[in-house]
Amino acid sequence: MAIFRGEGGAGASDTNATVSLVTQQAVIATTKASEASEHATTASTHSDTAATQATNASASATTAANISAGVAAYANASIASASSAETAKTNAETAETNAETAESNASTSATTATTKAAEAATSATSASTSASSATASASSASTHATNASTSASTSATQASNATSSATAAETAKTNAETAKTNAETAETNASSSATAAASSATSGATSATNATTQATAAAASAATASTAASTAINTYKSTTPTVSSSEANKITVSNHSSYISPVYIVKLGDAVIQHVIASNVITLVNLSTVGTNTVTVTASESGAGKLFSAPASLSMETIDKAATPTVTSSNDREITVTNHSDYLSTPTYVVKIGSTVVTHTDSNGTLTLGVGGTAFTGTQTCTVTANYTGVNESLGADVAVDVGGALYRYIRLTGFTRVGTNPYLTRFAIYDELNGSDSNNSSQITATLDAASYTGYSGYPYYYAGGNSQNQGWWLLGLSVSLIPSAWIRIDQNTDSPVVVRSVLIGMRNYWSSTATIQGSNDGTNWTTIKTVTGMTANSQNSVNL
């Protein structure tokens with residue numbers, strides 16, 4: 001049976017022509033397999049490149065994300081750019097996935113092409129072996145040649161597939177490079193945003209620095225002002241008083257003399273306590289709290305125009321004490337207590353001149369002094385205290401009072417005025433009490449009518465004025481009218497330690513003088529006018545208080 005012999009048609013398989021044709025087909029198959037392998041290698045290379053580009057794109061996306069995160073930490077303004085970078089990152093990751101998929105496909109195609117190439121090589125080897133054995137079996141060689149041709153066709157198909165995969169990988173690479181470019185653009189945008197944010201942050205930092213500098217300057221100014229204010233206050237603030245107490249209701253201010261016209265405020269808790277001050281001792285009055293209490297004392301130098309000092313505190317004993325009376329005097333030997341009605345009950349007053357208690361009468365706070373029998377005359381400082389049941393005696397209140405009186409050995413009358421006829425003096429006497437009269441002879445001072453400027457008729461001598469009869473006396477009958485004003489009559493206490501005269505009694509008959517001047521002297525030569533009396537009338541008894 002004839003077999004196919006290639007181009008020569010049927011013939012023997014061991015002829016040189018047949019072997020040559022078979023060998024040629026085997027070489028072609030081997031070449032095709034080699035080309036398929038090369039295409040597979042190229043596809044693998046493109047796949048690696050695509051993977052590398054995808055990796056770069058992923059790295060760029062990661063960098064963009066890091067830059068975006070850094071920018072977000074410094075400025076909110078970069079958030080949008082960071083979002084764009086994140087989107088770019090996502091796109092890059094998607095491209096990376098696509099590239100990896102393409103790589104996987106290319107690798108699979110390459111593996112398949114390699115396998116087929118190996119199979120083609122095996123077939124070629126088999127064809128060569130068949131060619132060597134062509135003399136033994138031409139039919140088998142023909143079959144193998146057919147198989148080799150089929151394998152070569154398959155290899156070509158696989159190579160075409162590899163080429164397509166490589167093209168897809170190249171496309172993926174391009175996409176990855178595009179994604180990388182987008183990521184780099186996003187990175188650039190993010191960098192620009194970061195730069196802008198950094199610039200804004202720098203400006204903000206500069207503004208903050210300026211604000212801090214200004215705040216520091218303002219704080220320094222405030223501190224300076226506060227220091228100046230504190231210095232001013234301390235400069236115009238009085239020194240804190242140094243206080244102690246060794247007696248109930250009394251506070252000693254040991255630095256009192258260092259103040260200029262000090263004014264003190266004493267408090268027990270929040271309540272201001274009334275007080276009086278003598279020298280450097282403050283005495284508390286009108287207290288309602290008894291026992292050991294803490295009081296505070298502040299001082300102000302009104303004379304220096306200074307503010308009140310810081311308070312000085314001390315623990316001291318306090319007791320009840322009546323309110324200090326408020327006193328005035330507008331009449332001789334009379335004191336008015338103006339706060340008399342403020343006392344809780346009717347007070348008892350004590351009046352002293354020095355240490356001497358002066359008797360008095362009280363008519364609803366009007367005190368009339370009884371200074372009779374004392375040596376006090378003229379204006380005297382009287383001290384008045386008050387007390388009532390349940391409280392201690394108040395502090396004393398001082399008032400200047402004219403207690404009157406005339407402390408002279410000799411008292412004389414002169415300065416008469418003739419009314420109708422020459423005056424007739426029926427009574428001239430002195431008393432050591434007020435309102436002296438013949439009905440109050442117990443207070444009449446023992447004295448002698450010892451002289452007169454005019455003796456007159458023997459039936460009306462001057463010493464008759466010493467009696468208490470209205471029908472006898474010293475009559476200036478016959479005295480020249482011009483001498484009547486200078487006529488005088490005197491009383492002598494006959495001692496160099498006279499009694500104070502508190503009142504003088506002058507009696508007139510129906511021939512009278514409307515005036516008289518009372519004078520005093522201790523030597524009988526030099527006289528001092530004590531009081532001038534006016535308004536006397538006929539047949540009158542005139543008790544004149546001195």
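Hey, any hits in the range 327-339 for a residue that's exposed (fewer than 15 other Cβ atoms within 10 Å of the Cβ) and out of contact with any Ser or Thr (no Cβ under 7 Å at 6 or more places or on another chain)? Yes, because at least one residue in the range 327-339 is exposed (fewer than 15 other Cβ atoms within 10 Å of the Cβ) and out of contact with any Ser or Thr (no Cβ under 7 Å at 6 or more places or on another chain).
If you go through the range 426-443 and keep only what is assigned to a strand (DSSP E or B) and within 27 Å of Ile335 (Cβ to Cβ), you end up with Ile430, Tyr431. Sort out which residues of the range 471-493 are out of contact with any strand residue (DSSP E or B) (no Cβ under 7 Å at 6 or more places or on another chain) and surrounded by fewer than 11 Cβ atoms within 10 Å (Cβ to Cβ), and write them in order of number. Listed by number, the residues that qualify are Asn471, Gly478, Ser480, Ser482.
Which ones in the range 267-284 are closer than 11 Å to Lys250 by Cβ and either of a type in the set (Val, Ile, Thr) or surrounded by fewer than 15 Cβ atoms within 10 Å (Cβ to Cβ) (or both)?
Of all residues in the range 267-284, those closer than 11 Å to Lys250 by Cβ come to 275-278, 280-284.
Once the filter is applied, which keeps residues that are closer than 11 Å to Lys250 by Cβ and either of a type in the set (Val, Ile, Thr) or surrounded by fewer than 15 Cβ atoms within 10 Å (Cβ to Cβ) (or both), the range 267-284 yields Val276, Ile277, Ala278, Val281, Ile282, Thr283.
For the range 445-457, a residue qualifies if it is in a loop (DSSP other than H, G, I, E, B) and closer than 19 Å to Leu483 by Cα, and the qualifying residues are Ser453, Tyr454, Thr455, Gly456, Tyr457. The set of residues in the range 404-426 being surrounded by 23 or more Cβ atoms within 10 Å (Cβ to Cβ) and hydrophobic (A, V, I, L, M, F, W, C) consists of Ile411, Leu413, Phe416, Leu425.
Does Thr326 satisfy the condition of being under 17 Å from Ala400 (Cβ atoms) and either polar (S, T, N, Q) or more than 37 Å from the chain's Cα centre (by Cα) (or both)?
When the stated conditions are applied, Thr326 passes them.
Taking the range 365-375 as the range and being modelled with pLDDT under 95 and among the polar types (S, T, N, Q) as the test, the residues that pass are Thr368, Thr374. Taken over the range 352-410, the criterion of being in a loop (DSSP other than H, G, I, E, B) and of a type in the set (Val, Ile, Thr) is satisfied by Val358, Val371, Thr374, Thr377, Thr389, Val391, Val403. Sub-7 Å Cβ pairs linking a first residue in the range 516-545 that is under 16 Å from Arg409 (Cβ atoms) to a second residue that is surrounded by fewer than 15 Cβ atoms within 10 Å (Cβ to Cβ), at least 6 apart or interchain, are Gln519/Thr528; Gln519/Thr529; Gly520/Thr528; Ser521/Thr528, ordered by first then second residue. Restricting Gly478, Gly467 to those that are at positive phi, out of contact with any His (no Cβ under 6 Å at 6 or more places or on another chain) and at pLDDT below 95 reduces the list to Gly478. Figure legend. Inter-residue proximity from the range 426-443: first residues more than 19 Å from Tyr464 (Cβ to Cβ), second residues loosely packed, with under 15 Cβ neighbours inside 10 Å, beta-carbon distance below 7 Å, spacing 6+ or different chains. Indicated pairs: Asp432/Gly373. Among the residues making up the range 342-351, those that are at pLDDT 90 or above and either aliphatic (A, V, I, L, M) or not in a strand (DSSP E or B) (or both) are Pro347, Val350, Val351.
Would you confirm whether or not the range 415-425 contains a residue that is among the aromatic types (Phe, Trp, Tyr) and not in a loop (DSSP other than H, G, I, E, B)? Write out each step before concluding.
Step one: filter the range 415-425 for residues among the aromatic types (Phe, Trp, Tyr), giving 416, 424.
Still in the running and not in a loop (DSSP other than H, G, I, E, B): 424.
The answer is yes, given that some residue of the range 415-425 is among the aromatic types (Phe, Trp, Tyr) and not in a loop (DSSP other than H, G, I, E, B).
Say whether the condition of being of a type in the set (Val, Ile, Thr) and surrounded by 15 or more Cβ atoms within 10 Å (Cβ to Cβ) is met by at least one residue in the range 453-465. Checked against the condition, which is being of a type in the set (Val, Ile, Thr) and surrounded by 15 or more Cβ atoms within 10 Å (Cβ to Cβ), the range 453-465 yields no hits at all.
The values are calculated or read from the model by the stated rules, or taken from the named source; none is laboratory data. As the structure is a computational prediction, the values presented were derived from the model and not from experiment. Cβ sites come from the backbone with ideal geometry, for glycine too, and all protein chains shown count toward neighbours.
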